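What follows is a short report on a single structure.
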Amino acid sequence: MFAKEVYTGRRAQLRQLVESGVIILFGNNESPCNYPNNGYYPFRQDSSFLYYFGQRRDGLVGVIDVDNGTETLVGDDIDIEDIVWYGSVESVRELASQVGVEHSAPMKQLQVICNDALRQNRKIHFLPPYRHDTKIQIMDLLGIHPNQQKESASVELIKAIVKMRQCKTDIEVAEIEKACAIGYQMHTHAMRMTRPGVTEKYVGGQVDGMAHSLGEHESFATIFTQHGEIMHGTPSYRVLESGRLALCDAGAENAENYCSDNTRTFPVNGKFTQRQLEIYSIVEACHDYALEVARPGVLWYDVHMNVCRLMTDRLKELELMKGDTEEAVRAGAHAMFLPHGLGHMMGMDVHDMEGLGQNYVGFDDEIQPSTQFGTNALRCGKRLQEGFVMTDEPGIYFIPALIDDWRAQGLHKDFLNYDLIETYKDFGGIRIEDDILITSDGCRFLGKELIPYHPKDIEAFMAKG
């Protein structure tokens, strides 16, 4: 937890941005598995609640009355039966005091607070809920059906929170660096453990164990697979084979719940083939291009599209693509190989704040998401600002089902050399991903140690075992 003044300052700024009404920030509850007492799923507090109220206990709600300046932490103290099983914890009043909140109240008081606000025709601000128990609670409190809650969420509150959370402060950057340090250990351990004959599940489990032993847990479900063409290929019981590439996309949450997110692709046997190097070098060039041009004032959409042009040019050199580069990219032919965006914001959420609505988080009045296949998966397109934390993650994938589907439809046949592409169906996929901080005059890597990603560095590292 940060100093008390961090949270009081954040809430004061939020009051100024929202201007009037009552803000309700719902914390999360426990999520049992199979039956109520089987607490299998690890508890994770809601990120916006954490940002303003700092406490990680379940069953809490933060209330900010913008008009009269009062703040209340709502929640029930645990009873003696819970203490027997889980040990003593601080009271809600004590938790409130730790983050500079003057008032506390039991959960039943939240209905009274809402009723009073509704009777006075005051605006009640809440964020789009993503958990069913919170949706039920909102329906009980405000009478809004879960099907209508996303549309009823406060745009003023969403925009205020995005404005505050999108630019990371020095103390936040320091926490992300700690998460990146754990990420370094996760990825280099994966490289050491990867070899022919072990299973994806074995290496993936080792990666997860590193996250749990050094931090809170993974920042998302670890991707480790020799089928890198599957975007979210979770570890299976498949045995790793010599001659194939392993793709590891993994990150950590540190003790303050800030995230890292990196991807590395490396040969199972420690040596790239010539064909693998040819494709890898294109992804490497696209990754490094983004590092050169990302800076305040630049549209991230433009960086993405320029990466697509660079990729198309290089794929034309291998005769996998053909025709005019600009026309090919405008038509979306490049999405055969890159069906996702260049990167996303990162912070307390690995896809930072995306639950608040992509239109508000990654886009704005200047630029809105594309509807074109591939480009529609770009999570952020707006102008970069100093303090943004972004992922830089280009990739090239050979997806057999997509190749077959497009070829059957005759899509982009003026730009795609289907006969040659067919010979790459067993290739898999390559992605390189790093976390970058937008600085006053450019950007920099986050994390004191850089996970090897140049081919010679990867081979040398894996040779050491």
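For segment 68-103, name all the residues that are in contact with a Pro (Cβ under 9 Å, 6 or more places away or on another chain) and of a type outside the set (Gly, Ala, Ser). Those that are in contact with a Pro (Cβ under 9 Å, 6 or more places away or on another chain) and of a type outside the set (Gly, Ala, Ser): Val74, Asp76, Asp77, Val92.
Considering segment 236-275, and only residues there that are touching a strand residue (DSSP E or B) at 6+ places or on another chain (Cβ under 6 Å) and farther than 15 Å from Met191 by Cβ, the residue that is surrounded by the fewest Cβ atoms within 10 Å (Cβ to Cβ) turns out to be Tyr237. Can you confirm whether Ile136 is part of a helix (DSSP H, G or I) and in contact (Cβ under 8 Å) with a residue 24 or more places away in the chain? It is false that Ile136 is part of a helix (DSSP H, G or I) and in contact (Cβ under 8 Å) with a residue 24 or more places away in the chain. Checking Leu127 against (1) free of Cβ contacts under 8 Å to residues at least 40 places away in the same chain; (2) touching a helix residue (DSSP H, G or I) at 6+ places or on another chain (Cβ under 8 Å), which test does it fail? Only one criterion in (1) free of Cβ contacts under 8 Å to residues at least 40 places away in the same chain; (2) touching a helix residue (DSSP H, G or I) at 6+ places or on another chain (Cβ under 8 Å) is unmet by Leu127, namely (1). A Cβ distance below 6 Å, combined with a sequence gap of six or more or placement on separate chains, defines the contacts here; from segment 75-94, residues that are touching a residue at least 12 places away in the same chain (Cβ under 8 Å) and at positive phi reach no residue that is among the aliphatic types (A, V, I, L, M) and open to solvent by 90 Å² or more (accessible area, probe 1.4 Å). Across segment 417-465, what is the total count of residues that are under 24 Å from Phe337 (Cα atoms), in contact (Cβ under 8 Å) with a residue 24 or more places away in the chain and of a type in the set (S, T, N, Q)? Residues that pass the stated criteria total 1. Residues of segment 370-402 that are open to solvent by 10 Å² or more (accessible area, probe 1.4 Å), under 19 Å from Tyr289 (Cβ atoms) and touching an Asp or Glu at 6+ places or on another chain (Cβ under 6 Å): Glu393 alone. Among the numbered conditions (1) open to solvent by 60 Å² or more (accessible area, probe 1.4 Å); (2) not in a helix (DSSP H, G or I), the only one that Cys167 does not meet is (1).
Tell me, please, whether a residue that is among the charged types (D, E, K, R) and touching a residue at least 40 places away in the same chain (Cβ under 8 Å) can be found in segment 255-262. Within segment 255-262 (the criterion being among the charged types (D, E, K, R) and touching a residue at least 40 places away in the same chain (Cβ under 8 Å)), the answer is yes, since at least one residue qualifies. Kindly indicate whether Leu127 is at negative phi, open to solvent by less than 40 Å² (accessible area, probe 1.4 Å) and part of a loop (DSSP other than H, G, I, E, B). The answer is yes for Leu127. The condition (being without any contact (Cβ under 8 Å) to a residue 12 or more places away in the chain, over 21 Å from Ser31 (Cβ atoms), open to solvent by 60 Å² or more (accessible area, probe 1.4 Å) and not in a loop (DSSP other than H, G, I, E, B)) is satisfied by just one residue among Gln185, Gln148, Gln206: Gln148. Just one residue in the set Phe26, Phe49 is touching an Asp or Glu at 6+ places or on another chain (Cβ under 9 Å) and either open to solvent by 80 Å² or more (accessible area, probe 1.4 Å) or among the hydrophobic types (A, V, I, L, M, F, W, C) (or both); that residue is Phe26.
The values are calculated or read from the model by the stated rules, or taken from the named source; none is laboratory data. Quantities reported herein were computed from a predicted structural model and do not represent experimental measurements. Reconstructed Cβ throughout: ideal geometry from the backbone, glycine too, with neighbour counts over all protein chains shown. Please note that ligands, DNA and RNA were not included when accessible areas were found on the heavy atoms of the full protein model with its side chains. Shrake-Rupley method; radii C 1.70, N 1.55, O 1.52, S 1.80 Å.
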